[in-house]
Amino acid sequence: MADPYQNNMYQQGGDSYGTYGEGGDYPPQEEDAASDVTEGHDEEDQMYEGEYQGIPHPDEVKVAQRAARAKAREGRSGISELEELSEQYEDIMEDCGHGKFQWTLFVVLGLALMADGVECFVVAFALPSAEKDLCLSHADKGTLGLTVFLSMMVGAFVWGGLADKVGRRRCLIVALAINCIFSFLSSFAQGYGFFLFFRLLSGIGIGGTVPIVYSYFSEFLQMDKRGEHLSWLCMFWMVGGIYASFTAWGIIPRYGWGFSMGTEFQFHSWRVFVLVAALPAIMSLVGLSFMPESPRFLLENAKHDEAWMILKQVHDTNWRAKGQPEKVFTVTHIKAPKTAEDEFIEIQSATGTAVQRWAVRSLTLCKLVFRNVASLLSAELRLATLFMAVIWFCMAFSYYGLSVWFPDMIKHLQYMEYTSEVKEFDGERVENFRFNFSLENQIHREGQFISDKFISITMKSVKFEDSLFEDCRFEDITSTDTIFERCTIRSTVFFNTDLSEENFINCTMENSTFEQNKHGCHLDSDEENDTLIYLVSFLGSLAVLPGSIISALYMEKIGRVKIIGGSMLTSAGCTFFLFLSFSQSAIIALQCLFCGISVAAWNGIEVVTVELYPASKRATAFGVLNALCKLAAILGSTIFSSFVGITTAVPILLSFTALVCGGLVALKLPDTQDKILQ
């Protein structure tokens, strides 16, 4: 069989395209032409430090690997065009090297991934203040928290599918733009309905970043760099958590960082935090405007000229940055298959009016996306998809479930400690007294309050049971968790208070009035801005960094499968220590331990997902699996939080079972470490 690389033409079916250069396609680096500047330089004078130890030079290893691949191709009959493209593309990326271009793209895509990490924390950090600012009920808060993951689930599915048909860069730009626009609008929304709607659209936008970012970046990496550098990229998600908790900690308690325009428009500090949280997405969006499309995507879609220009840009950028501008991009042809999608485009272009063409294109695009999703269950991909679905679901169910359970348990322990210090007053009689000090954490039973005045005070966690209020006055009252139950209230005036019908349970009102009641809700800095919630999230995200660094360094040495399986099984073992979590400090320590270990599994899962699927289905598969991840997160967080204050056994056993199942399935995955990206 003739070597396909000895051809000087682009080939597509029977068509030929002009050449871009002269000479052989992939000469070893030692044979690259030298410029006048370097003429006379003897490269043999530079001693390779591993020569005396008998360690082969990396360039020699690559040349040997390439020769082995070429020999294997010659020995195979009936090699497909896609297989030939994959092997040729790997050779091209080796010639381009790893350098300035990849590191620039690494930062730009890392910021997009960081924006996804921030999105998971924004609502959780803003809610304690937003619930008062927007007058949210418990049901509203639950809906808002659920909306974040639901919208990201939809975004992952939609954008992942579109990225394989429209383009990685284009879809990522649109997704980030949607996130930025609606994050900005949500910070100004004064009502719950608009805030929910804008956060929903913002989540749909940011939901596409994870599947696109990994697919996009992997297609600029050569095989021996892929696992390590994709793992480094994973760190940006954790950095997003650190950024969110740090900025929330520094901004939300600062009530001076806002303004108001009468009583209708309020812009408190939590809204400033929502704006600042969008900065990573904005910076990534700006950076993407200078980045090219994935050449592998372009080749899959028969856009040969564009792909060649981008590959040349990558090659020249890297070698110029390394001080070797004389290295010439010698690729003169790239074998690219003709795809069925090309025919669809030709048919669409011949369709009548612009509206008709748009309708046909949109319909065709939807069909192609759903066909691509269905192909994940084809004979050759069915087993891999099933294994990865189980692993993604089990990992997300346990990780996100415990991520909610940890802070909820801390709040529960705080509440138990707080209620244990409650002050109880039974059968008291207070007459003609002026309360000018705050009432907090108190229970008053069968009390009598006659001609008393409650003026300009705060009432926090106060409960009056079976008490009598006669000829009293409540004025300028700010309340939190204040309840009047089975009380008799006679000839009493409530002036400029936030007490409403919800605060009075089975009470008898006799000749009592409410005048100039406060509209809207208030902010209570003592309760809503407990910095412990930020500290816990900050420490949890910070604990992830060591595990992420270690997994990145050993991803190529240990292997993806062992890292995933080992990390999940080790995390499962760690969950049993949760039975010893009787204090806040113990829960925080266990959270840090769990997050630090489990991150290695996340890194391996994302690398393997990229490597298991061909380029035409890579983003689609990642999007479907990431959508499944968000579904598992919804189930895990809902189930785990429902057992807070009831029992710790169920969450611990559920997380243990999920992690063990996922870890055992991971050990059945194929080894993709030395596999050329399809």
**Q.** At q = 0.22, 0.26, 0.29, 0.30 Å⁻¹, base-10 log of I(q)/I(0) for the range 536-590 (Debye sum, equal scatterers on each alpha carbon)
**A.** -0.94, -1.06, -1.12, -1.13
Q) So what's the convex hull volume per residue for the Cα atoms of the range 154-210, in Å³? A) 57 Å³
Q. Counting only protein heavy atoms and using a 1.4 Å probe, what share of the accessible area of the range 552-678 belongs to carbon plus sulfur, as a whole percent?
A. 71 percent
Q) How do 478-491, 377-390 rank on mean C-beta neighbours within 10 Å, highest first? A) 478-491, 377-390
Q: Indicate the gyration tensor shape class of the range 345-455 (rounded, prolate or oblate), computed on the Cα atoms with a ≥ b ≥ c the square roots of the eigenvalues: a/c under 1.5 is rounded; otherwise a/b larger than b/c is prolate and the rest oblate.
A: oblate
(Q) Taking 0.36 nm per residue of sequence separation and subtracting the Cα-Cα distance, how much length would be gained by fully extending the chain between Leu635 and Ile181, in nm to one decimal? (A) 160.5 nm
Q: Report, in whole Å, the centroid distance computed from the Cα atoms of the range 642-678 and the range 212-231.
A: 24 Å
Q. Radius of gyration and Dmax for the range 281-326's Cα atoms, expressed in Å?
A. 12.9, 37
Q. So, in nm, how far is label Ser137 from label Leu377 when the simple model puts each one 7 Å beyond its Cα toward the Cβ?
A. 3.9 nm
Q. Are there trypsin sites (Lys or Arg not before Pro) in the range 628-678 that DSSP puts in a loop and that have at most 12 other Cβ atoms within 10 Å, and which ones?
A. Lys668
Q) Based on the alpha-carbon gyration tensor of the range 541-639 and its eigenvalue square roots a ≥ b ≥ c, which shape applies: rounded if a/c is under 1.5, prolate if not and a/b is larger than b/c, or oblate? A) oblate
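The values are calculated or read from the model by the stated rules, or taken from the named source; none is laboratory data. Here the structure is a predicted model, which is why all the values come from computation and not from measurement. Methodologically, a virtual Cβ is constructed for each residue, glycine included, from the backbone with ideal geometry; neighbour enumeration extends over all protein chains shown. Just the protein is used for accessible areas: all its heavy atoms, side chains included, with ligands, DNA and RNA removed. Shrake-Rupley method; radii C 1.70, N 1.55, O 1.52, S 1.80 Å.
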